[in-house]
């Protein structure tokens, strides 16, 4: 299956401009998994801007 990077970028809410994984969801998920984090798309925009992609923050923002 071919990755549709440009199409994925249309829906990517990651605000980290120099991110080399933007639009490449498979690489993004693997990168954040290794850091015990979740990708930007798992968070509301206002939370994503804080760059706190921890699992704890995910749970907190979805428990509010």
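The values are calculated or read from the model by the stated rules, or taken from the named source; none is laboratory data. If you're wondering where the values come from, they're calculated on a predicted model, not measured in any experiment. Cβ placement follows ideal geometry from the backbone for every residue including glycine, while neighbour counts extend to all protein chains displayed.
Here is how the numbers come out for the structure above:
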{"read-out": "Criterion: in contact with a strand residue (DSSP E or B) (Cβ under 6 Å, 6 or more places away or on another chain) and surrounded by 12 or more Cβ atoms within 10 Å (Cβ to Cβ) - qualifying residue of 21, 53", "value": "53"}
{"read-out": "Of all residues in region 15-54 being in a helix (DSSP H, G or I) and over 12 Å from the mean Cα position of the chain (by Cα), the one that is modelled with the highest pLDDT", "value": "34"}
{"read-out": "Of all residues making up region 24-50, the number that are farther than 22 Å from residue 4 by Cα and exposed (fewer than 15 other Cβ atoms within 10 Å of the Cβ)", "value": "8"}
{"read-out": "Some residue of region 2-14 being in contact with a helix residue (DSSP H, G or I) (Cβ under 6 Å, 6 or more places away or on another chain), loosely packed, with under 15 Cβ neighbours inside 10 Å and in a loop (DSSP other than H, G, I, E, B)", "value": "yes"}
